[in-house]
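The values are calculated or read from the model by the stated rules, or taken from the named source; none is laboratory data. In this text the structure is predicted, and so the values were computed from the model without any measurement. Reconstructed Cβ throughout: ideal geometry from the backbone, glycine too, with neighbour counts over all protein chains shown.
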Amino acid sequence: MNTGTLYLIPVPLGPSPARDVLPEAVIAQAARLQHFVAENAKSARAFLKSLPSESPLQQIDIQELNEHTRPDALPRLLAPLLAGNDAGLVSEAGCPAVADPGAALVALAHASGIAVAPLVGPSSILLALMGSGLSGQNFAFHGYLPAKDGQRQKRILELESESRRAGRTQLFIETPYRNRRLLESLLAACSPHTRIGVATDLTLPGQRFITLPCGEWKRRELPDIDRRPTVFLLQA
């Protein structure tokens, strides 16, 4: 029996209409699917509600895959695909399977002989890098830095040293309500010439990029970034 295709469908990074950030072909593909695996079912329903879906929302099957999903539950999520149906994988925001638990399902799909088709859409990591003015030739994304002050400062110094040695742009994120605290930690730890970038509210009306040497940051009033989705970058 032929298997279906697992479509990796990006979604808006915030409350933007899908048509503002997604190509028409992606919207059309998402609209025809009746099976989805989502990081958050509620946000997935809101996304699907905004599409010209070919089926009533209540008839669309949405299964959750998030940090609480047990590994032994993953095969069940592939059942529609193994039965020959196409399905979509969506994250809570942006691209699925990038800094996202959906990567585990993509790996299992490959192991099960299921075709995987990533679609075009917004990636906060790449948008932040593009708008930062920092090196796009050599970069790494590190997810979340340690929450405890001492461990976080140590990690920042490690990333700065690695960036200086390899010419690498380092990217990371934080829980939005701790954004200012992370920025203050960067300014306290980094040398004056290390460039620090902040990319906030990407693709949204309040989108803002600021990239400055650490020494220049210290002479300015810090931007209001708390509780606003932000990607941080540094390059020594």
Within the range 60-85, the count of residues that are part of a helix (DSSP H, G or I) and either over 24 Å from Ala115 (Cβ atoms) or among the small types (Gly, Ala, Ser) (or both) comes to 2
Answer residue from the range 91-106, given it is of a type in the set (A, V, I, L, M, F, W, C) and part of a helix (DSSP H, G or I) and is nearest to Pro15 (Cα to Cα) among those: Ala103
Quick check on Gly131: is it on the phi < 0 side of the Ramachandran plot, at pLDDT below 95 and part of a helix (DSSP H, G or I)? no
Answer from Gly136, Gly150, Gly88, Gly143 - the residue that is surrounded by fewer than 16 Cβ atoms within 10 Å (Cβ to Cβ), assigned to a strand (DSSP E or B) and not aliphatic (A, V, I, L, M): Gly143
Please find, within the range 32-72, the residue that is modelled with the lowest pLDDT out of those that are loosely packed, with under 15 Cβ neighbours inside 10 Å and touching a Leu at 6+ places or on another chain (Cβ under 8 Å). Leu57
Take the conditions surrounded by fewer than 18 Cβ atoms within 10 Å (Cβ to Cβ), modelled with pLDDT of 95 or more and outside the structural domain of Gln29 (by TED's automatic domain parsing) and apply them to Ser163. Does it pass? no
